[in-house]
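A.B. asks: Could you have a look at this structure, given as C-alpha cells, before my questions?
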Amino acid sequence: MLQEISIQNFAIIPKLSLSFEPGMTVLTGETGAGKSIIIDAVGLLTGGRGSQDYIREGADKAVLQGLIDVDMHDDALRDTLRKYGVELDEHQLLIHRELHRNGRNVIRANGTLVNATALKEIGNHLVDIHGQNEHQALMQVEQHLHLLDEYATNELAPVKEKYQQAFSEYRQLQQTLFERKENEQAWAQRLDMLTFQNAELSEADLQSGEEERLEEEYQELSNYQDVLENLSKSHELLDGEWETNALTTVSSAVNALENIEEFGSRYKKLAENIREIYYNLQDMSSEIESVHDSLEFDAERLAYVDERLNLIRSLEQKYGATIDDVLEHQQKVETQLAEMGGPQQSTEDLELQTQHALADAEQLATSMHQIRKTAASKLAQKIHEQLKDLYMEKAEFSVHFSKSHELTAQGFDIIEFYIQTNPGESSKPLVKIASGGELSRMMLAMKMIFSREQGVTSIIFDEVDTGVSGRVAQAIAEKISDIGRHSQVLTITHLPQVAAVADHHDFIEKNIKAGRTETTVRQLDSDERINEIARMLSGEQLTEAAKENARDLIERESIRRAQI
C-alpha cells in the first residue's frame, strides 16, 4: 500500500508531500490543476520512463520519494527484491528517484542502487495505474493473450516458465541444425577447427597465474651461479672467518654503548636499538646460510620450465594476451562445441534431438492451452457478472482460440476477445463492435476481477470515467468503491458520483506565487467535501439544491455499503 509520496521540482510542483490511507481516495480539482502530474510522479516511482521535461523550469533536478507498506506474504515481490539485492526495513520500501537536467537518472530502493528496469519489475507488484486511454489495450488483439495470462497467472506462470525454457532450447537446436544443413562443408571445417583448438588447450592444461610463477622460477634457475656466489659473499661479509666482519664490528659497537647505558636514558635507548640490530643481523646471516646450503641446480627442471613458458607464449599469441584470456577462449570453444553437438554427433542425431525438443515444447504448450481454456471460461463468467452491475447485463463476453502454424514464445494459442452486445446477434470481435463506453466498462470489470484474485496492492484510476454519465456513472463509481474495499484505490475524476463514494477526498488546485504556477493539495473535511461535490454537480455557483444533492449522493453510498 502506498503510504506517502514526496515531490520536489517536478513539473509545476515545487514541493509537495502527500499521505494516503487504505480504501478509496479521490482526487478532484479544475482541469490543468495538476492531478495527472501526481499520478505521473507515482508512475515514475514504480518504473515509468523518466524525461528531462518533468524537471521544473529553473531547477537542476527533480526528486521523487515514495514510502510503500509491503505485503510480506507477497512471495513474488519478495523474490524480485532479493533478485536486485534490496532488503526490506520493517515491511517498508522507500523508493528514491532523481531526474537530473544533464540526463542522469538515480534510483534507490531502501538505499540500494537499482536501474529503471529493476524498478519497473518491482513496481509491477506495487501499483497498477489504469489511465483513461488504457482501455485501448482491449483494441489491440495482440494484448488479449497477455490479459488472459495475467488473469491465469497463478496456474499458468510455473508451466509457462518451463515452456519458455523448453522453447528456447528447441529454437537453439533448430538454428544449429539449420546452420549445419545450410553449409555442411563450412560446418565441418569449423567443427574441425574447434575440435583441434579444444584438444590443444585441454592438453596444455593451463592454470591461472602459472606464467608468473614459472617466470620467477626460470630467473632463479637460469641465474643459479650468480645467486650462489652472491649468497656466499653476503654471508662472508656478515659472519666470515675474519676479524672485521659485520657482526664482529656491530658487536664491538654494542659493547661500547653498554658501557655507558647506565649514565642516562638516551644512552640506554641507543644500546637497546643496536642490540636489536645485532640480533637481526645474526638471524639474517643464519637465513642466508640456510638458503645457500639448500640450493641445488636442476638442469631438467630448467629445461621443463623453459619449454612450458614457450608453450604458454605460443598459445597466448594464438588465443589471447594472457593466460586468463586463453582460458576464456577455451571456455567459448567448449561452449560452441557443445552447441554444435561435438565431432561425434551426426546431422541425423541433431535432427532427432531437435524433434525431441520440439515434442517437449509442444507438450508444455498443450498444457498452457488447457489452463488458458479453463481460465477463459471462468473469466467470461466473472466478466458477465461484473457487466451486469455496469448496465451491460445483456452482453456476453467470450474468448476465441485459434492455433498458430508454429510455436512462439507464448505457445501456439492465438487469442481474441469476442462480445455479443445484443441478444439474437452473433458474437463478434470486441475490437470491431465495442464503443468507448463499453470498452471502459470492460476494462473496469477486468480490474475488479484481477484485483480480487491477484491481491494488487494499489490501483490508480486516472479519469477512467470520462464520457459516461447518469446511471452508468453511478455504477462505475460503485464498482471502483468496491475495489477499494480490498485494495487501496486512488482515483482522479470529474464525476460527482465517483467523488461521493470515496473514503477520503483530496482537492488539487493551482495557484500563482511570486509570478510562478504551483500545485497544492489539501484533504477536505466533511463540509468542504460536500461543497466540492456540489461544485462538480452545478459548476462554480454553489446552490443549496446542489449541496443537498451532494449530501444525498454521500448518504446513498453509506446505505449501500451497510447493505453489502
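A.B. asks: If R₀ is 35 angstrom, what is the calculated FRET efficiency for the pair Ile512 and Gln140, using the beta carbon separation as r and rounding to 0.05?
C.D. replies: Efficiency, from the Cβ-Cβ distance: 0.25.
A.B. asks: Moving on to the next point. Using 0.36 nm per residue of separation minus the Cα-Cα distance, give me the extension gain between Ile433 and Glu30 in nm, one decimal. Mind dumping the intermediate values first?
C.D. replies: Details: separation 403, 0.36 × 403 = 145.08 nm, distance 3.36 nm.
Gain in length upon complete extension: 141.7 nm.
A.B. asks: Just tell me, in residue order, which DSSP H segments of the chain are both 27 angstrom or longer along the helix axis (alpha-carbon based) and at least -0.5 in mean Kyte-Doolittle hydropathy. Mind showing how you got there, number by number?
C.D. replies: Details: long enough: 153-182 (42 Å, -1.36); 184-204 (30 Å, -0.55); 265-294 (44 Å, -1.01); 299-319 (30 Å, -0.68); 347-389 (62 Å, -0.77); 544-563 (28 Å, -1.36).
Qualifying helices: none.
A.B. asks: Just to confirm the filter: which trypsin sites (Lys or Arg not before Pro) across region 21-85 are DSSP coil and have at most 11 other Cβ within 10 angstrom of their Cβ?
C.D. replies: Details: sites: Lys35, Arg49, Arg56, Lys61, Arg78, Arg82, Lys83; in loops: Arg49, Arg56.
The qualifying sites are Arg49.
A.B. asks: In addition: To the nearest 0.05, how large is the calculated FRET efficiency for Glu334 and Trp187 if R₀ is 22 Å and r is the Cβ-Cβ distance?
C.D. replies: On the way: r = 18 Å, r/R0 = 0.80.
Efficiency for this residue pair is about 0.80.
A.B. asks: Restricting to Cα pairs below 8 Å that are 6+ residues apart, what does the relative contact order work out to for the chain? Please round to a whole percent. Mind dumping the intermediate values first?
C.D. replies: Details: 776 pairs, mean separation 123.8, N = 564.
In percent, rounded to a whole number, it is 22.
A.B. asks: For region 63-170, calculate the relative contact order in percent as a whole number, restricting contacts to Cα pairs under 8 Å that are 6 or more residues apart.
C.D. replies: Numbers: 81 pairs, mean separation 20.5, N = 108.
Computed over region 63-170, the figure is 19 percent.
A.B. asks: For the chain, with the dipole built from +1 on Lys and Arg beta-carbon atoms and -1 on Asp and Glu ones, taken about the Cα centre, which of Leu214, Ser6, Phe167 lies farthest toward the positive end?
C.D. replies: Ser6
A.B. asks: Within region 1-39, what residues put their amide N at less than 19 Å from the label point 7 Å along the Cα-to-Cβ vector of Gln92?
C.D. replies: Those under the cut-off are 1-8, 16-23.
A.B. asks: Any idea which of Ile564, Gln189, Phe263 is furthest toward the positive side of the dipole for the chain, if Lys and Arg beta-carbons carry +1 and Asp and Glu beta-carbons -1?
C.D. replies: In the chain, that residue is Ile564.
A.B. asks: Taking square-rooted eigenvalues a ≥ b ≥ c of the alpha carbon gyration tensor, is region 1-151 rounded, prolate or oblate, where a/c under 1.5 means rounded and, failing that, a/b exceeding b/c means prolate? Please report the intermediate quantities before stating the final value.
C.D. replies: Working: a/c = 1.43, a/b = 1.11, b/c = 1.29.
Because its axes are fairly even, with a/c under 1.5, region 1-151 counts as rounded.
A.B. asks: Here's a follow-up. Loop-only GluC sites (Glu not before Pro) in region 371-431, please: DSSP not H, G, I, E or B, and at most 12 other Cβ atoms within 10 Å. Before the final figure, lay out the partial values.
C.D. replies: Numbers: sites: Glu385, Glu393, Glu396, Glu406, Glu416, Glu425; in loops: Glu393, Glu425.
Loop-located and lightly packed - Glu393, Glu425.
A.B. asks: Kirkwood-based Rg over Rh for the chain (C-alpha set), two decimals? Please list the in-between numbers first.
C.D. replies: On the way: Rg = 39.0 Å, Rh = 31.5 Å.
Computed over Cα atoms, the ratio is 1.24.
A.B. asks: Okay, moving on. Taking amide H positions as placed 1.01 Å from N in the peptide plane, with prolines and chain starts having none, which residues 5 or more places from Ile460, or on another chain, fall under 5 Å of its amide H?
C.D. replies: Counting only residues 5 or more places away or on other chains, the set is Asp128, Ile129, His130, Leu490.
A.B. asks: GluC sites (Glu not before Pro) within region 247-347: which are DSSP loop residues with at most 12 other Cβ atoms inside 10 Å? Could the numbers behind the result be given before it?
C.D. replies: Numbers: sites: Glu258, Glu261, Glu262, Glu272, Glu276, Glu287, Glu289, Glu296, Glu300, Glu307, Glu316, Glu328, Glu334, Glu339; in loops: Glu296.
Filter output for region 247-347: Glu296.
A.B. asks: Another one. May I ask you to derive the FRET efficiency for Glu272 and Ser251 from their Cβ-Cβ distance with R0 = 22 Å, giving the value to the nearest 0.05?
C.D. replies: Working: r = 15 Å, r/R0 = 0.69.
Efficiency for this residue pair is about 0.90.
A.B. asks: Same structure again: Counting only chymotrypsin sites (Phe, Trp or Tyr not before Pro) that sit in a DSSP loop (anything but H, G, I, E, B) with at most 15 other Cβ atoms within 10 Å, what is the longest stretch of the chain containing none of them?
C.D. replies: On the way: sites that count: Trp242, Phe297.
Counting only loop sites that pass the neighbour cut-off, the longest clear stretch is 298-564.
A.B. asks: Another question, if that's okay. What does the accessible area per residue of region 98-250 come to in Å², with a 1.4 Å probe and no ligands, DNA or RNA counted?
C.D. replies: Per-residue value: 60 Å².
A.B. asks: Counting Lys +1, Arg +1, Asp -1, Glu -1, what net charge surrounds Ser427 among other residues with beta carbon under 15 Å of its beta carbon? If you can, show how the numbers build up before the last one.
C.D. replies: Details: positive: Lys394, Lys428, Lys432; negative: Glu396, Glu416, Glu425, Glu438.
Residues close to Ser427 contribute a combined charge of -1.
A.B. asks: Take the solvent-accessible surface of the protein heavy atoms, probe 1.4 Å, and return the percent of it on region 327-419 that carbon and sulfur atoms account for.
C.D. replies: Values: 2430 of 5050 Å².
The nonpolar share, carbon plus sulfur, comes to 48 percent.
A.B. asks: Here's something else I'd like to know. How large a share of the accessible area of region 1-130, in percent, is made up of carbon and sulfur atoms when the probe is 1.4 Å and the other protein chains stay in place? Working shown, then result.
C.D. replies: Working: 2650 of 6090 Å².
For region 1-130, the apolar C and S fraction of the accessible surface comes to 43 percent.
A.B. asks: Taking 0.36 nm per residue of separation and subtracting the Cα-Cα distance, what length does fully extending Ser168 through Glu351 add?
C.D. replies: Stretched fully, the Ser168-Glu351 segment lengthens by 64.3 nm.
A.B. asks: Could I ask something else about it? About its Cα centre, what dipole magnitude does the chain give when the only charges are +1 on Lys and Arg Cβ and -1 on Asp and Glu Cβ, stated in debye to the nearest 20? Intermediate results must be reported in sequence, preceding the final value.
C.D. replies: Values: 56 positive and 99 negative charges, 999 e Å.
The dipole magnitude comes to about 4800 debye.
A.B. asks: What whole-number value in Å² describes the accessible area per residue of region 280-367 for a 1.4 Å probe?
C.D. replies: Each residue of region 280-367 exposes 62 Å² on average to a 1.4 Å probe.
The values are calculated or read from the model by the stated rules, or taken from the named source; none is laboratory data. Fair warning: this is a prediction, and the values are worked out from it, not measured in the lab. Because the Cβ atoms are built from the backbone with ideal geometry, glycine has one as well, and the counts that use them run over all protein chains shown. What goes into the accessible areas is simple: the full protein's heavy atoms, side chains included, and nothing from ligands, DNA or RNA. Shrake-Rupley method; radii C 1.70, N 1.55, O 1.52, S 1.80 Å.
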